[in-house]
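For reference, the structure discussed in these notes is given below.
The values are calculated or read from the model by the stated rules, or taken from the named source; none is laboratory data. No experiment lies behind these values; they were computed from the predicted model shown. Neighbour counts run over all protein chains shown; Cβ positions are idealised from the backbone, glycine included.
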């Protein structure tokens with residue numbers, strides 16, 4: 001019997017959501033395979049809700065979500081303090097190392113599990129399949145920002161080839177004509193296609209899992225003829241309260257104007273996620289708090305999403321052809337890049353976090369529902385392609 005360990009990043013819930021979808025397909029490809037998980041909060045609560053097995057030693061890992069939240073919420077004073085907070089990766093690694101050295105697993109898949117990037121020795125990295133949707137940070141005209149890009153890109157290019165196998169869990173078109181260094185070096189896309197297996201967009205659902213619209217609405221207690229706007233902030237608390245409060249303040253205007261334009265009852269449902277304590281005040285937003293293990297029913301039920309611009313969430317929306325208004329986390333280079341790309345290539349409306357207002361929300365929603373969205377079908381096979389890659393590695397090992 002084969003045993004596989006999934007190491008999922010514990011920055012938010014996007015990584016584990018797509019990893020779980022991969023595990024569903026992998027179980028179908030390799031009957032009898034045993035899957036264990038190693039991560040930290042909020043991921044462990046997500047896995048518990050799905051009945052998955054978390055390695056007991058891994059329940060004591062410190063959450064890196066807290067570090068990222070403190071960084072973007074302005075609670076980390078500078079580079080020195082940030083450097084000290086990175087010690088969480090080293091401390092977690094000391095626990096994970098024992099799990100990896102136990103010899104219990106025929107295959108280890110790490111999805112942006114930065115502990116193994118930051119601290120694992122070469123001989124352990126060689127036995128790991130590492131997946132990531134980010135390998136490059138674009139340069140800008142800001143000298144400090146470009147210096148940070150230079151450091152990160154040099155780091156990615158140096159450390160990633162140390163893993164046994166590399167998977168690119170993204171659309172290579174997002175890399176464009178980017179170079180490793182400003183105007184110098186190879187195209188990053190050429191490097192990716194040479195060193196990595198390109199899986200494409202990896203969604204949080206496996207093929208055929210998303211239910212029919214009215215079936216999903218019945219499960220959620222929502223009428224089939226309402227216009228449903230779902231507001232999602234993801235699995236972190238990074239400025240989530242401020243964003244939700246802005247949407248709550250705008251909700252009366254949104255409901256009234258959209259109701260008149262569409263001649264339908266408009267309903268706004270907010271998903272604050274597991275790390276944001278928030279309640280609406282307007283009476284026009286319904287909050288469904290806590291861990292929502294999977295967003296399948298909400299994806300099927302919603303007419304439109306207002307959401308952040310995380311890679312998994314946007315992959316889900318694009319591959320389902322679902323309209324959305326994107327509000328990326330301010331100064332979060334990855335989310336801002338994703339939002340820019342989806343706006344330029346597919347027409348998704350984007351609102352800057354600082355510009356959230358009733359008028360801009362209504363304009364963005366009306367623009368979104370006028371457009372049609374779809375990604376190439378092959379690009380959206382990332383879950384299946386990743387699972388087949390892992391199954392092939394597992395068969396080779398066993």
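Assorted remarks:
- Residue 220 at pLDDT 95 or above, touching a helix residue (DSSP H, G or I) at 6+ places or on another chain (Cβ under 8 Å) and more than 30 Å from residue 158 (Cβ to Cβ): yes
- Flag if residue 170 is under 21 Å from residue 22 (Cβ atoms) and in the same structural domain as residue 19 (by TED's automatic domain parsing): yes
- Considering the stretch 336-349, and only residues there that are touching a strand residue (DSSP E or B) at 6+ places or on another chain (Cβ under 6 Å) and crowded, with 19+ Cβ neighbours inside 10 Å, the residue that is nearest to residue 318 (Cα to Cα) turns out to be 348.
- Qualifying residue in the stretch 88-105 (condition: within 20 Å of residue 134 (Cβ to Cβ), in contact with a helix residue (DSSP H, G or I) (Cβ under 6 Å, 6 or more places away or on another chain) and assigned to a loop (DSSP other than H, G, I, E, B)): no
- Residues of the stretch 37-73 that are out of contact with any strand residue (DSSP E or B) (no Cβ under 7 Å at 6 or more places or on another chain) and under 18 Å from residue 97 (Cα atoms): 40, 56, 57, 59, 60, 61, 62, 63, 64.
- Filtering the stretch 311-360 to residues that are more than 18 Å from residue 229 (Cα to Cα) and not in a helix (DSSP H, G or I) leaves 329, 330, 331, 332, 347, 352.
- Selected residue (criterion: surrounded by the most Cβ atoms within 10 Å (Cβ to Cβ)) from residues of the stretch 361-379 that are in contact (Cβ under 8 Å) with a residue 12 or more places away in the chain and outside any helix (DSSP H, G or I): 375
- For residue 293, the conditions (1) modelled with pLDDT of 95 or more; (2) within 21 Å of residue 46 (Cα to Cα) are fulfilled apart from (1).
- Any pair with Cβ under 6 angstrom, 6 or more apart, that starts in the stretch 204-231 at a residue that is farther than 26 Å from residue 246 by Cβ and ends at one that is in a loop (DSSP other than H, G, I, E, B): 214/224; 217/224
- Of the strands (runs of 3 or more DSSP E) that lie entirely inside the stretch 174-263, those containing 1 or more residues that are assigned by TED's automatic domain parsing to the domain that holds residue 152 and on the phi > 0 side of the Ramachandran plot span 184-187.
- Count - residues of the stretch 60-108 that are at positive phi and modelled with pLDDT of 80 or more: 1
- Of the residues making up the stretch 181-191, just one is in contact with a helix residue (DSSP H, G or I) (Cβ under 6 Å, 6 or more places away or on another chain) and in contact (Cβ under 8 Å) with a residue 24 or more places away in the chain, namely 188.
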